[in-house]
1. At residue A:38 and residue A:124, where each label point lies 7 Å from the Cα along Cα→Cβ, what is the point-to-point distance in nanometres?
2. Enumerate the amide H contacts of residue A:81 below 5 Å, restricted to partners 5 or more residues apart or on another chain; note that Pro and chain-start residues carry no placed amide H.
3. Place the peptides A:8-21, A:27-40 in order of packing, highest mean first, counting for every residue the other Cβ atoms within 10 Å and averaging per peptide.
4. For residue B:316, what residues show an amide H to amide H distance below 5 Å, using hydrogens built from the backbone and excluding near sequence neighbours?
5. Order the peptides B:51-60, B:299-308 from the highest to the lowest mean number of other Cβ atoms within 10 Å of their residues.
6. Tell me the volume per residue, in Å³, of the convex hull enclosing the alpha carbons of the stretch B:43-320.
7. Given a Förster distance of 45 angstrom, what is the FRET efficiency for residue A:131 paired with residue B:245, based on the Cβ-Cβ distance and rounded to 0.05?
8. Per-residue Cβ counts within 10 Å, from other chains only, averaged over B:122-133: what number is that?
Amino acid sequence: MGIKLKALTKSPWVYHLSTGSCNNCDIEILDCLTPRYDLERFGIVLVGSPRHADALLVTGNMTMKCIPRAKEVYEQMPKPGVVIAIGTCALGHGVFDGSYVMPKTVDEVIPVDIYIPGCPPKPEGIIAGVAKLLAMLKQKA
Amino acid sequence: MSEIIPIGPYHPLQEEPEFFRLHVEGERVIKMDIEIGYNHRGIEKLAESKSWDQVVFLVERICGICSTSHPAASINAMEDLGGIEAPERAQYIRTIVCELERIHSHLLWLGLAGHFIGYNTVWMWVWKYREIICDILDKMTGNRQSYAMFKVGGVRRDILDEDIPWFLKMLDKFKPALDLFKGAVMDDPVIHARTKGVGVLTTEQAKKYCVVGPTARPSGVAIDVRKDDPYFAYEWLDWDMVVLQEGDVFAKVACRILEMYESMKILEQCFKKMKPGIVDLHVKELPPGEGIGRAEAPRGEVYHYVRSDGSNFPVRYKVRAPSYMNIFSNEVAVLGEQVADAALILAAVDPCYCCTERIIAIDHDTNEEKKLSSSDLLRLSHEKTIRVKKELGIS
Ligand code: SF4
């Protein structure tokens, strides 16, 4: 797995999976790609299909309707891949705790590697989280 | 032409994830079915288990982009219930936050509309200048989104007088950018060719489908809660409602750009007219009864209803968001249009058109279903822009 993990740290392509979020986390992710933060200079590109992705960015509470879909998307992602949970909703349920449509948290549905808290986390926070993850992967590889 | 699209089937235009089924004959769309309900989070039920103060935080998270319109409607409803009148300074602060949000939301949409027709430069530029608005909000409220400013009987934070010159300076910095966007959209022949006469929603159709906000106003329906049922400080300010007649995608773009100018006008007046004073009445209790609140979100009218039995929690909470009416107007707007235009038309009402689901195109001759993902739709749209450019002799 070593070489594959190492390759992963070079230019991770990410796929954004929203599982019933309020959009704020999603906007902040897109914000990371626009001129002020410009994540693309690190080779991080948002791709349109999980099949091309090295990492999943999951935002939002797992709603019932999204659980099978999230599993499917996770299975489509080539392994090794990482899952990044972004926002309080994806970490627990945040303000929506106790809702009747959210039986599970994200990490009960798919394995999560790193959590980025905040509602929504600032773009700086997201970038810091991703950078930490890359450092961690480099150590492992 | 770029084939890599840095945006997935999930994108930030989604208030409610929706599922569209387009029926096409060759290139033409002849019918469309819509299904929504993928982002159901049970908010109305949850609201019944939250205290009045917490409800405002909850409704803020209905939609991140309108993260101040829902609280606005919510406190309007609660103040209606309690017969409370917030202090004047608080009303101005509320108006300021609402209008900043409108600008940021319209910019967000403009950028994505640019992306849909294959102008990624527009996207990047617009989002670059959106940061100015985000900075203002950040300094004013402490967060770039989800501002948590509103509460029954006032606002949570005052605007410091020493910060106001800085806000005005930033707004001045933003003005040339707005002119730039206006010029870029109004003068570009390709944008004209791609959006004029496309996806027309006539006045009758707009009325029949009960559309609201910047989906209705470009179709000649003069409806705006800020004018019709003024709340906050809107009645003390001088501004115009933008109403256009054409109803096509171009009119929808133009309407949003012109509205940003109006918002700038409102903001400047607010900063000028604001007097020192208290900003919070510290309301402790709400009486039993009912209340309704309306607010004009960037996408149209938001409507909230509360019922109270005098306890700490609402007994019933009801929300109606603007996209709920607007997305169904797509049913008529895409009829007879090309599949390549579908992405743009569906996006023109500013909801999400492809989230959890993909669009299925049903070919009526063969009756087979072709699945088009969002990337396919974008590809079709981008290819059409290239075609149009060739026809116009622009490379
Ligand atoms: S964490 Fe907050 S901002 Fe992010 S999706 Fe949830 S409610 Fe929205």
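1. Distance between the two pseudo-spin positions: 1.8 nm.
2. Long-range HN contacts for residue A:81: none found.
3. For the peptides A:8-21, A:27-40, the packing ranking is A:8-21, A:27-40.
4. B:307
5. By packing density, highest mean first, the sequence is B:299-308, B:51-60.
6. 120 Å³
7. Efficiency for this residue pair is about 0.30.
8. Other-chain Cβ atoms within 10 Å of each residue's Cβ, averaged: 3.
Bear in mind that the values in this text are calculations on the coordinates, not laboratory data. Worth saying up front: this structure is predicted, and the values here are computed from it rather than measured. Don't worry about glycine lacking a Cβ; one is built from the backbone with ideal geometry, like all the others, and counts go over all protein chains shown.
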